[in-house]
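Everything below concerns the one structure shown next.
Just so it is clear, none of the values below were taken in a lab; they were calculated from the coordinates. Owing to the predicted nature of the structure, the values given are computational and were not obtained by experimental measurement. Every residue, glycine among them, receives a Cβ derived from its backbone with ideal geometry; neighbour counts consider all protein chains shown.
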Amino acid sequence: MRVIIAGGGIGGLATALAVRKLGMEPLILERKAVLGEAGAGLGLYPNAMKALQYLGADALIRRVSIDSHENENRVLETDELILIRQAAQTAALYGDK
């Protein structure tokens with residue numbers, strides 16, 4: 001069975017890996033000729049990394065990414081600080097490496 005996936009971003013590529021893991025053939029449709037950085041940062045919390053580990057894609061991401069060491073959660077409209085947590089603490093809390 002062939003599965004069509006619209007977009008070659010992290011979501012589309014992760015979906016393609018999952019589809020392949022299920023024994024189906026992914027077809028990614030992407031309008032850019034070459035995949036690369038889009039100029040925006042992407043934060044992946046431990047639950048996302050666990051999913052990528054299951055798909056076999058975490059090693060590359062860990063190798064090329066930057067560890068933020070600290071995460072701040074804020075209210076979008078007011079910039080009010082809700083929580084500051086060390087990245088290692090978050091990883092340990094949610095079972096990531």
Original post:
Pairing the Cα long axis of helix 10-21 with the longest principal axis of the chain, what angle in degrees results, from 0 to 90 and rounded to the nearest 10?
Top reply: 50
Original post:
Given +1 on the Cβ of Lys and Arg, -1 on the Cβ of Asp and Glu, and no further charges, what dipole in debye does the chain carry about its Cα centre, rounded to the nearest 20?
Top reply: 580
